[in-house]
Each structure stands twice: as C-alpha cells, then as structure tokens.
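Enquirer: After the structure tokens below, expect a handful of questions from me.
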Amino acid sequence: MKDIAARATGPRRSTRSGRREQPRGRAQKERELSPKSVDRKLKTFQDLESWLKIFILRNFSHSEALEMLYGPVAGGQSIGFNLLNANRRLTPGYIQRNYPFLKFENVLQHVALPNLLPVTNNSQQNGDHRARNGPVIKPTHYKEIFGWLRKKGKVDQVLVIIIEDDLVSPHDDETIVETLDTFKVDKWNWRKYDLYSETIFRAALNASTVYLYTSGNNSVLRGWSDESGLRKLRRVKVIYEKQRDNVRAPRGSKRQTWDQHKANSGLTLPRVKIALIDDGVDASHSDLSRIIKEGITYCTSMQNNRYVPSSFYASATGHGTLMAALICDMCPNAELYVAKLNDQNSNNGFSFTAKSAADAVRWAVSKNVDIISMSWTIEDTPKAKDDLASLNKALTDAANRNILMFCAARDEGLENPTNRPFPAASTTNSITIAGAAGPSGAISTWVSFESIHLLFPGLEIRDARQDLMPADMSAVDGSSTATACASGLAGLLLTILAGDGTKSWSEEGRHEKIKKIMASVAGNTKYVQVWDLFDEYTAAREGDNSVFQKLVDGLIYRSK
C-alpha cells in the first residue's frame, strides 16, 4: 500500500530550506478543478483572445487581419461592413433582407454607410422601408441598421464608423446617441454639420479620432473649443473639415474684395504691406494677382543647359500659393511682396538656401514692408555658417526697422525642442514663432510646446482654399500654415489700429504690442482664440464708426 501510495503521489521534492515538500492533496486538486476556478481561467483566456483580436483589427489591413484570425482560407467571416460603393440608394429594410450571408464578428474594423433613401409615412405603414410618396418622417435609418448588426452578429464594438448622413434632413442628435449607445467606437466620422460636442461625448466617449463638419456657425465652433467641449475627449485627435461645395452657403457669404469692403464701410484705411518669402505665388488666380504688388526671385532652374530665373509669380509645389491665400483671407487689404527662394538638395529632399533667405529679407526691408512671413525652416549646419550669419544680420536689421516677423516652428521639434532652426534661431527677440494646432486648440503632435510663442490653426488647412491648389498637391499640415494665419491676423490688427480716431495708437514697438494682443486671447494654452477679439463687434452695422472705435480702443488696451 505504501508503494502504491508513493507511486500515486510521486516523489517528494526538497525545498530550498531543506525540508521535504509535501505532495498536493486531493482537496487542492479539487479546488483547482472546481467550476469557479475553471470559469475564472476560461474568462482570462477569453479576455486575452479578445484583446489579441482587437489589436489585430486595429493594426493590420483587412486582408492581413482575416488571414491572421482565420488562416489563409477564411471561412466567410465578416470583419467589416461597407456599403459606400453601392450603385444606388438603399433602405434599411432592403439591407436587412438582402445581406443574410454575412457572418459578423462581435468587433468590426469598420461600418461605412452611404446616404440612404428617406422613409415616408406611407412606406412605414406598408411594413417596409421602400421610399414612397408621402411626407418624410424623422430619419432613423442608421439606428435600425446598427440595431440589426447588434442583433444579427452580436456586434458591440466598431473601430471606425463612416456615416454619410443626409445633408438636408440628417438624423437628430438624440437619435445619433441612441444609434451608438451600446457600441464602442475608436474613430468617429458622422457627416452631420454642426454636431454639438455633447452629442459626440455621449455617443463616442473613448474615440481617438473625430471628424468634424462645420457650416461656420460661431456658437458651435466656440463650443467645440471650449473647456467643456471636445477637450473632454481626452484621447481624441480632432480633424476639421470645411463646409462642402454641395451644401448651400448662406446668402451674402461671398468673399468681398477690399475695394468693395471700403465702399460699404465708408472707412479709409491704408493697405498693409506683407512680404511673403516662400517658393512663389501662382498669379493666374485673380484673387491673388490683384493683391501682388511686387516680387523678386532668387531661384534658378536648369533649361537648355543653362540656369534661368524661376518666376516669383509661379509656385511649383503650391505651398507659397496656399500661404498667400491664407494671409489674404485673414487680411483682405494686404499688399503682397513676394520673394521666391532658391532651393537645394538635402537629406530630406529639398530645402531653401540660407543665402537666398538673407537676400529676400534684405529686399523686404528695402520695400518698407510692415510684416515678413516665413513659413519654412533652415537647419544650422557648418557648411551654411556664413550664410546663416548673414541671414541673422538681415533679420536683426528688419527688427530694428520695426517690422513684424513671423516664422514657423520645426514640426519635428519634439526630439530636441531647444535646438531651433532659422529663422527661429535668430538672436533677435522680435520674431514670433508660430506652431500648428487643430481647431480645438490642441497642439500638433509634432510641435514642441516649449519651442513656440503662439499656436494657430495648422491642421488640414488645405481645405480652406482647395480652388487654388494643384490637383496633385498633398494636404499641408504643420506650422507653415499656422505662420501664414498669424501673419494675416497681424495684418488685420494693423489695419484696424490704423483707423484709430483718437490717435492714441503708436507704431513704436508694435511687434511686442501685436504679440500682447494675440497672447491676451491665448492664455496658458497659447492658442489664439480670434473670436474673443472680434465677436462682440461682428453684428454691428457697416459704417458705424463708433463701434469701430470701440474695437480699436479694446485692442489698444490689450496691447499695454
């Protein structure tokens, strides 16, 4: 019996203390195999399996994820639902009847739904969702489809939602919240204009990316950027989209020329001279050609085996054209002095030369400009030492002439925020360094907070003037566009202050004064909230000089 017991229990092992370890008893084995213990281990395994599945769906393409989850030959499982390429408008009933073959996972990579046919009272009473004659009822299309996904596939998490809601009769905010009430969403792209922050907060609390659509409604824009707005979505990276062309713009929203504005307002204000130092401006656009006063090029290109000047009124990349458009949208009375820089091959492609930049700054000074806008950076290298010293002197001379200067922060500045490129590295303190932010005021992930003075819009700004951009131009994100916005705002402020009827505004030290005005509506976040400067006066009747003087007085007070 002892031999049998020894064989059954196995040899006794010695512990580190030298004492013999007692074999596990039957009670211990029974505890390990108890239903509670098994359930606990099974739950741990299921949690791990779920985490791995979500990781794969988040980080791999659709085809890669299918193979990783189900092997080379997937068994018909559906990890996404996309109807955007449907060649006709569908109804919720049609979708539920005609897609029985889909086998959904509980977590989907995406759900992408197009604009669906409207539902009428007649179609509802007939028991289906085909559009018939009759008044359109409150839309609930997407609520029905997400309910079907929940019921059919037990879907409870969607990583990306893309909903092309109807532009004329979209879902109301409460229905949107009800649609996604039980779903976890990573990326939110619901095409409805002027959605309130609270709706997104309730429907997609943990979203990492949110696409916003705006008609320009100031109250909604303020709500988005308020502390109690989108900033509550701590994981979010906000993406801002301008009003689309197929949305009817309010009457009277057509952009006025400066001459038209002067005629309507009755004010006689001087033009602001802004030097744009970049890669040229495409003057074939009438909006820009009318405000270009003069230009010069320091760029040469090879043609027929000889170097010839590249004209300042053309831009190979479209970068300078976009900068010009942003400046003039902010400051419609600007006169542009365009200096086209020379470029050279570098490790990161092409970059402007320090020599051409120094020449351009000196030229701008000779034209007695009010503002110099520099949406570029030049790295400090031993090879460019002499030319950078020349650029530094030119910038110092411009500062001594009371010229406002704005330059871009390095968009890769997180690695070494104290190592500034030129022009930011200049020894003069009279250059405002602009950094890029989204419309909510959140700083770009590529910009160092310590390296900039102020933040301006700089993400997906290309959408602001797509009519001026080359078709093959990629989106321009970063501090270059923020610099153009800062320069344009400075021009607008100088324009307004020039109309001071009390003569209390002085041009002396105007760089610090303009910077103080901007900083007064930026606070600790450094994001310049322009509406705080002008909202109180936007409803005033044009030509009301008393309201205009009140605005001037407010700006002068902020400058002290």
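Enquirer: Just to be sure before I move on: is residue 196 of a type in the set (Ser, Thr, Tyr), in contact (Cβ under 8 Å) with a residue 24 or more places away in the chain, within 30 Å of residue 536 (Cα to Cα) and surrounded by 16 or more Cβ atoms within 10 Å (Cβ to Cβ) in the structure I sent?
Expert: No, not satisfied.
Enquirer: What is the residue count in the stretch 446-463 for residues that are in a loop (DSSP other than H, G, I, E, B) and either assigned by the TED database to the domain that holds residue 209 or at pLDDT 85 or above (or both)?
Expert: The total comes to 6.
Enquirer: While we're looking at this one, here's another question. How many residues are part of a helix (DSSP H, G or I), at pLDDT 80 or above and not small (Gly, Ala, Ser) if we restrict to the stretch 71-94?
Expert: 1
Enquirer: Looking at (1) charged (D, E, K, R); (2) part of a loop (DSSP other than H, G, I, E, B); (3) closer than 30 Å to residue 96 by Cα, which one does residue 235 not meet, given that it meets all the others?
Expert: Condition (3) is where residue 235 drops out.
Enquirer: Let me ask something else about it. Looking only at residues that are part of a helix (DSSP H, G or I), under 17 Å from residue 110 (Cα atoms) and not aromatic (Phe, Trp, Tyr) in the stretch 51-63, which one is least open to solvent (accessible area, probe 1.4 Å)?
Expert: 57
Each row is one residue, and each column tells you yes or no for (1) open to solvent by 70 Å² or more (accessible area, probe 1.4 Å); (2) more than 27 Å from residue 187 (Cα to Cα); (3) modelled with pLDDT under 80.
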residue	(1), (2), (3)
99	no, no, yes
115	no, no, no
121	no, yes, yes
151	yes, no, no
161	no, no, no
168	yes, no, yes
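Enquirer: Further, regarding this structure: If residue 427 meets every condition in (1) part of a loop (DSSP other than H, G, I, E, B); (2) in contact with a helix residue (DSSP H, G or I) (Cβ under 8 Å, 6 or more places away or on another chain); (3) at pLDDT below 85 apart from one, which number is that one?
Expert: Unmet condition: (3).
Enquirer: Which pairs have Cβ atoms under 6 Å, sit 6 or more apart or on different chains, and link a residue in the stretch 212-231 that is over 16 Å from residue 527 (Cβ atoms) to one that is charged (D, E, K, R)?
Expert: 213/191; 213/241; 215/194; 217/194; 220/194
Enquirer: Quick one: which residue in 378, 371 is within 30 Å of residue 285 (Cα to Cα) and modelled with pLDDT of 95 or more?
Expert: After applying the criteria, what remains is 371.
Enquirer: Read through the list (1) at negative phi; (2) at pLDDT below 90; (3) open to solvent by 10 Å² or more (accessible area, probe 1.4 Å), then give the number of the only condition that residue 305 fails.
Expert: With (1) at negative phi; (2) at pLDDT below 90; (3) open to solvent by 10 Å² or more (accessible area, probe 1.4 Å) applied to residue 305, the lone miss is (1).
Enquirer: Shifting gears a bit: Please determine, by comparing only the residues of the stretch 208-260 that are touching a Gly at 6+ places or on another chain (Cβ under 7 Å) and under 25 Å from residue 334 (Cβ atoms), which one is modelled with the lowest pLDDT.
Expert: Of everything passing the filter in the stretch 208-260, 243 is modelled with the lowest pLDDT.
Enquirer: Here's something else I'd like to know. Would you check if residue 234 is among the charged types (D, E, K, R) and open to solvent by 50 Å² or more (accessible area, probe 1.4 Å)? Walk me through how you get there before you give the answer.
Expert: Details: among the charged types (D, E, K, R): yes; open to solvent by 50 Å² or more (accessible area, probe 1.4 Å): yes.
Yes.
The values are calculated or read from the model by the stated rules, or taken from the named source; none is laboratory data. Nothing here was measured: the structure is a model prediction, and the numbers come from that model. Virtual Cβ from ideal backbone geometry, glycine too; neighbours counted across all protein chains shown. Just so you know, the surface numbers come from the protein's heavy atoms only, side chains and all, with ligands and any DNA or RNA stripped out. Shrake-Rupley method; radii C 1.70, N 1.55, O 1.52, S 1.80 Å.
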